[in-house]
Amino acid sequence: MHYQIKWYRWLEKFNRDYFANPWSAISLIAAAILLALTLVQTVYTIRMK
């Protein structure tokens, strides 16, 4: 029943294609953390000037 909603089908396809391997999830989390830290460093650099 929930596969009738397009969003759930897209989410299932995304999970199947990109998270079949646990290393994919780990690398996504690491990339998100790295991006967040870069953003924080940029904000602090701008505020200190």
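The values are calculated or read from the model by the stated rules, or taken from the named source; none is laboratory data. As the structure is a computational prediction, the values presented were derived from the model and not from experiment. Cβ atoms come from the backbone with ideal geometry, glycine included; neighbour counts cover every protein chain shown.
Among the residues making up the range 1-48, a single one is assigned to a loop (DSSP other than H, G, I, E, B), loosely packed, with under 10 Cβ neighbours inside 10 Å and not aliphatic (A, V, I, L, M): N21.
Being at pLDDT below 95, out of contact with any helix residue (DSSP H, G or I) (no Cβ under 8 Å at 6 or more places or on another chain) and among the β-branched types (V, I, T) is a property that I33 lacks.
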